[in-house]
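Undergrad: This is the structure I want to talk about, given as structure tokens.
The values are calculated or read from the model by the stated rules, or taken from the named source; none is laboratory data. Quick caveat: nothing in here was measured; it's all calculated off a predicted structure. Using ideal geometry, Cβ is built from the backbone for each residue, glycine included, and neighbour counts are taken over all protein chains shown. Protein only, heavy atoms only, side chains kept; ligands, DNA and RNA dropped before computing areas. Shrake-Rupley method; radii C 1.70, N 1.55, O 1.52, S 1.80 Å.
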Amino acid sequence: MQDTPVALVTGANKGIGRQIAKDLAAHGFTVLVGSRTLEHGEAAATSIGAAAHALQLDVTDQASIAAAAERIRHEFGRLDVLVNNAGISHAGRMNAQFPASAQSGLLTVAPLDDVRAVFETNVFGVIAVTQAMLPLLREAPAARIVNVGSTGGSLTWNADPANPHRAMFGTYSASKTALHAVTLAFAFALESTGIKVNIACPGFTATALNNFRGTRTVEQGAREAVRLALLGSDGPTGTFSDEDGPVPW
Ligand code: NAP
């Protein structure tokens, strides 16, 4: 087993995930750059430096997930941090570009197969990857799991009629709400182990996910997830926050 702690970031070939991987490498981690296309992961790993290694990982493909867990055990022998960052805002069929994709994702019109595809990546993918990595995480001295959620999925904020963003509350937002619940479920189930499970919102960040309309940089978007990945033993579990502090569920 290597001495350096190991972090896996899913969907780290671009966007916020790549920045989280870069920041964790700067904090001394060996970083596994999860990418469903290996070449894209290799390009990202090269851009980060020698501490980064590409890892083929499609969060919707059980064989890919199992092979990734197997490779981590045999090549690195440990896993200390899992950042479930991979996510999609739409299934890529109807009106694929944001903000039109937010309209076509409204549950009054979204094709059920598209809803399923978004939940497959954003919700079931996180459960599948976390379950596969848990044996390694349980062996680590102080494992941390960070999920990447969204204030857009906050039921409290969206239930407020004064919130203008609730006009966009559809498939993607509902998938993030479900992910928030999944995060709490893992946090509760692992409470006695010392493994901390928290969820970060990056804020509206300029990435391919929103056709680069976001107002924050990926450096800003990565910060809260990185902070949660580095929590000490006195840190919390089962929290939802962004850079400004706690976010209501
Ligand atoms: P992005 O640039 O589109 O990156 C998304 C990443 O997820 C890409 O690496 C993508 O890989 C990967 N991915 C998608 N499906 C996957 C799968 N089945 N298996 C493995 N990887 C997969 O978007 P981003 O903004 O950085 O998104 C990162 C996270 O932040 C997402 O969970 C998103 O919901 C969340 N978030 C973003 C914002 C924002 O304003 N940008 C706000 C709140 C939350 P490919 O390159 O292969 O497509």
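Undergrad: Working from the alpha-carbon coordinates of segment 12-80, get Rg over Rh, Rh being the Kirkwood radius.
TA: Details: Rg = 11.2 Å, Rh = 11.8 Å.
Across segment 12-80, the Cα-based Rg/Rh ratio is 0.95.
Undergrad: Please find, in a Gaussian network model of the chain (springs between Cα atoms separated by less than 10 Å), the residue of 67, 162, 86 whose mean-square fluctuation is greatest.
TA: In this elastic network of the chain, the residue with the biggest mean-square fluctuation among 67, 162, 86 is 162.
Undergrad: If you place +1 on the Cβ of every Lys and Arg and -1 on the Cβ of every Asp and Glu, how big does the dipole about the Cα centre of segment 121-249 come out, in debye to the nearest 20?
TA: 240
Undergrad: Relative to the longest principal Cα axis of the chain, at what angle does helix 15-26 sit, 0 to 90 degrees, rounded to 10?
TA: Approximately 30 degrees, to the nearest 10.
Undergrad: Further question: Could you please state how large a percent of the accessible area of the chain is carbon and sulfur, counting protein chains only and using a 1.4 Å probe?
TA: Carbon with sulfur: 56 percent of the solvent-accessible area.
Undergrad: At a Cα cut-off below 16 Å, give the lysines reachable from residue 22, other chains included and same-chain residues fewer than 8 away excluded.
TA: Counting by Cα, and skipping residues close in sequence, residue 22 has these lysines nearby: 14.
Undergrad: I need to check one value: relative contact order of the chain, counting alpha carbon pairs closer than 8 Å and at least 6 residues apart, in percent.
TA: Computed over the chain, the figure is 19 percent.
Undergrad: Just how large is the dipole of segment 45-86 about the Cα centre, in debye to the nearest 20, putting +1 at every Lys and Arg Cβ and -1 at every Asp and Glu Cβ?
TA: Working: 3 positive and 5 negative charges, 25 e Å.
Dipole size: approximately 120 debye.
Undergrad: Cα gyration tensor of segment 96-227, axes a ≥ b ≥ c as square roots of the eigenvalues: rounded (a/c below 1.5), prolate (a/b > b/c) or oblate?
TA: prolate
Undergrad: Give me the angle, in degrees from 0 to 90, between the Cα long axis of helix 218-229 and the longest principal axis of the Cα atoms of the chain, rounded to the nearest 10.
TA: Helix 218-229 and the main axis of the chain meet at about 60 degrees.
Undergrad: Let me ask something else. Let me have the relative contact order for segment 104-241, percent, based on Cα pairs under 8 Å that are six or more residues apart.
TA: The normalised contact order for segment 104-241 reaches 27 percent.
Undergrad: Within segment 218-249, what residues put their amide N at less than 16 Å from the label point 7 Å along the Cα-to-Cβ vector of residue 162?
TA: 248
Undergrad: Additional query: What's the whole-number percent of alpha carbon pairs in segment 1-134 lying beyond 22 angstrom?
TA: Roughly 39 percent, rounded to a whole number.
Undergrad: With springs only between Cα atoms under 10 Å, which of 33, 109, 182 fluctuates most in a Gaussian network model of the chain?
TA: Fluctuation is largest for 109.
Undergrad: Additional query: Determine the shape class of segment 191-249: with a ≥ b ≥ c the square roots of the Cα gyration tensor eigenvalues, call it rounded for a/c under 1.5, and otherwise prolate if a/b is greater than b/c, oblate otherwise.
TA: prolate
Undergrad: Just 143, 200, 102 to compare: in a GNM of the chain, with alpha carbon springs under 10 Å, which one fluctuates most?
TA: Answer for the Gaussian network model of the chain: 102.
Undergrad: Just need the relative contact order of segment 35-91 here, percent rounded to a whole number, with Cα pairs under 8 Å and 6+ apart.
TA: Once normalised by length, the contact order is 24 percent.
Undergrad: If you average 1/r over all unlike Cα pairs in segment 128-202 and invert the result, what Kirkwood radius do you get in angstrom?
TA: Radius from the Kirkwood sum: 13.6 Å.
Undergrad: I've got another one for you. Can you tell me which aspartates and glutamates have their Cα less than 12 Å from the Cα of residue 196? Leave out same-chain residues fewer than eight positions away.
TA: Once the sequence-local aspartates and glutamates are set aside, what remains near residue 196 is 80, 234.
Undergrad: What does the charge count around residue 195 come to, taking other residues whose C-beta lies under 15 Å from its C-beta (Lys +1, Arg +1, Asp -1, Glu -1)? Walk me through the numbers on the way to the answer.
TA: Details: positive: 78, 138, 144, 196; negative: 80, 139, 191, 234.
Local net charge: 0.
Undergrad: Please report, to one decimal in angstroms, the Kirkwood hydrodynamic radius of the chain built from all distinct Cα-Cα pairs.
TA: Working: mean 1/r = 0.0558 Å⁻¹.
For the chain, the Kirkwood estimate is 17.9 Å.
Undergrad: Counting only the backbone N, which residues of segment 149-170 are under 12 Å from the spot 7 Å out from the Cα of residue 106 toward its beta-carbon?
TA: Residues 166-170 fall inside that zone.
Undergrad: Still on this model: What do you get for the angle between helix 62-71 and the principal long axis of the chain? Use alpha-carbon atoms, 0 to 90 degrees, nearest ten.
TA: Once rounded, the angle reads 30 degrees.
Undergrad: Next question. Using a 10 Å Cβ count of at most 16 others and DSSP loop calls, identify the longest part of the chain lacking such trypsin sites (Lys or Arg not before Pro). Write out the running numbers ahead of the final one.
TA: On the way: sites that count: 93, 213.
So the longest stretch without any such site is 94-212.
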